[in-house]
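Quick notes on the structure that follows.
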Amino acid sequence: MRLRYKLMAALLATGLGSVALVGGVAYVGVNYKVDSLRRQQAAEHFYTYMTAYLAEYGDWDTAVATESFDRFVRRQEGERATGSELPSEMLERMPPRINNQARFAEPLPGDAPSPPGRAPQGPDDDFARPPPPPPGVRLAGGPDRGGPGERPPPPRRADGPPPFRFILTDARYRVLLGGGQFRHGEALPENLRESARAIVVKNQTVAYMSADGKLAPTPQEQKYLDALYNSLLGGIAAAAGLAILLGVLLSRGLSRSLSGLTRAVKRMHKGELHQEVPVQGKDEVAALATAFNEMSAQLAQSHTTILEQSEQLRELSIRDALTQLYNRRHFDEQANTLFNQAVRHKRPLALVICDIDHFKKINDNYSHATGDAVLRRVGSILRKHMRLSDLVARYGGEEFVIAFPETAGPQAAALCDKLRTLIEAFPWHEVHPELKVTMSMGVYADIAAGSAETMLQKADALLYRAKESGRNRVCFV
């Protein structure tokens, strides 16, 4: 798998995971906050109406004997309604609806079911609602039927959340409304007393209330929650799209920089050491590119230096240190090459051996330093007057050799005689006042000899003939 795709996958996984986490946390947090606000609002409504209810009738027993809490709430809302809005519509609109458990409480587990053919009337009087009024007192609207416009709350689904109910006690924590959990007159447990809120009428605590259960949203609130959920989904989708786009762009930019480095390294592997990649930005990839460029430049410079030093070593290995002419080994290699080319192409080739006359006497009479000076000057004369195609070398001691490619014997002999004259005419008195230097030469130009080595042997024999003939001359056959 290419690095680009790995980076893209990592960036996408990170981005999408972050989006999902943030979206989930936001959704849960908003739901929790909305539910908390609705619970507080419902509790505040109940507290307000219950305080007004008890304040109007003085105490709980008198209040329930005179008017049910349900009808009191509807009457209060009807008085506050404006325009054509009916009390029932006001209650429907008010989020959340006040729990009407005083008249429509659900039975506790273990309560006897209603007789066949009779509509459910709620729990026994000992559960979740007050006992019947005293003899002779008639409840307004009747205990089992609602007043005008009154209707029971919709039944709770068996698989839904537990209903949101309020528990009401008197000032001594004796249950007045049990919310389907406590019997009427039962003492409220200690753990619930701590969270109970006091209902104060005329600076006197007359009751305590606490809330229990989960508040189901109204249809209007459910629409708001659905809209919020859809907005979160849209935000998550947009963030996911942005994460994908950024992942593609970032991975492409990073992989492009690394791909450039990879190509440069491959070119270096092929021998192109001097490579330079573009540096963009100031991140780690840019630092890597900068370091690579510096390394490439240093390697290229080192390679150039090594090549130059190698060439210098090669020159030292094929050059004579005293005269700076080629040495014998190099001359033999090149002479064989020139001979093979001459034979292949049937072209002329002349080989020459030269020897400084009486060189031993020069060393003995004028010192070895003078002899070295003579060798250097003779080498300089020979090198200066050679053609570009010619090859001259110091063969050993006072002997020199010359190869004249594409040159016939008579022409080579004439060139050698010119060199002999130049050496003889050189101002040797500048080296030593009494010094005189001459040179004898043997020239052989017949490639039928069979090899460059044989031609040199023939030229050496002609050199000795020149010395025997009086020296300072060129001998050619």
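The values are calculated or read from the model by the stated rules, or taken from the named source; none is laboratory data. This is a predicted model, so every value here is computed, not measured. Every residue, glycine among them, receives a Cβ derived from its backbone with ideal geometry; neighbour counts consider all protein chains shown.
Which residue is modelled with the lowest pLDDT, if the candidates are limited to region 250-278 and must be of a type in the set (A, V, I, L, M) and within 19 Å of the chain's Cα centre (by Cα)?
Checking each candidate, the answer is LEU254.
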Quick count over region 422-452, residues being more than 13 Å from PHE400 (Cβ to Cβ), in contact (Cβ under 8 Å) with a residue 24 or more places away in the chain and either assigned to a helix (DSSP H, G or I) or not assigned by TED's automatic domain parsing to the domain that holds ARG328 (or both), is 5
Is one or more of the residues making up region 368-375 within 21 Å of GLY470 (Cα to Cα) and of a type outside the set (A, V, I, L, M, F, W, C)?
-> no
Residue set GLY247, GLY241, GLY234; condition closer than 30 Å to SER18 by Cα and modelled with pLDDT under 80; output residue GLY247
Among residues of region 312-327 being part of a loop (DSSP other than H, G, I, E, B) and aliphatic (A, V, I, L, M), the residue surrounded by the most Cβ atoms within 10 Å (Cβ to Cβ) is LEU325
Of the residues in region 422-452, those that are loosely packed, with under 14 Cβ neighbours inside 10 Å and not aliphatic (A, V, I, L, M) come to PRO427, HIS429, GLU430, PRO433, GLU434, LYS436, GLY450
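Every residue, every condition in (1) over 19 Å from THR454 (Cα atoms); (2) free of Cβ contacts under 8 Å to residues at least 60 places away in the same chain; (3) not assigned by TED's automatic domain parsing to the domain that holds GLY396, yes or no:
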{"position": "GLU311", "(1), (2), (3)": "yes, yes, yes"}
{"position": "LEU316", "(1), (2), (3)": "yes, yes, yes"}
{"position": "TYR326", "(1), (2), (3)": "yes, no, no"}
{"position": "ALA335", "(1), (2), (3)": "no, no, no"}
{"position": "GLN341", "(1), (2), (3)": "no, no, no"}
Here the qualifying pairs (Cβ atoms under 8 Å; residues six or more apart or on different chains; first in region 31-58 and closer than 20 Å to SER195 by Cβ; second part of a helix (DSSP H, G or I) and modelled with pLDDT under 80) come out as ARG38/GLU221
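Which ones in region 27-57 are within 30 Å of GLY235 (Cβ to Cβ) and aliphatic (A, V, I, L, M)?
Hits for region 27-57 are VAL28, VAL30, VAL34, LEU37, ALA42.
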In region 386-421, residues that are in a helix (DSSP H, G or I) and either surrounded by fewer than 19 Cβ atoms within 10 Å (Cβ to Cβ) or in contact with a Lys or Arg (Cβ under 8 Å, 6 or more places away or on another chain) (or both) total 8
Next on the checklist: Against the definition (outside any loop (DSSP other than H, G, I, E, B) and under 30 Å from ILE447 (Cβ atoms)), how does ASN340 come out, yes or no?
Outcome noted: yes
Residue hits (region 51-79; of a type in the set (A, V, I, L, M) and over 17 Å from THR169 (Cβ atoms)) are ALA52, ALA55, ALA65, VAL73
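Per-residue answers, yes or no, for (1) under 14 Å from ASP357 (Cβ atoms); (2) aromatic (Phe, Trp, Tyr):
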position	(1), (2)
ALA413	no, no
CYS416	no, no
ARG420	yes, no
ALA425	no, no
HIS429	no, no
PRO433	no, no
THR438	yes, no
TYR444	no, yes
Criterion first (under 26 Å from GLY15 (Cα atoms) and touching a residue at least 24 places away in the same chain (Cβ under 8 Å)) does GLY234 satisfy it?
no
Output for Cβ contacts, cut-off 6 Å, separation at least six or different chains, first residue more than 15 Å from VAL200 (Cβ to Cβ) and at pLDDT 85 or above in region 165-176, second among the acidic types (Asp, Glu) and surrounded by fewer than 18 Cβ atoms within 10 Å (Cβ to Cβ), reads VAL175/GLU186
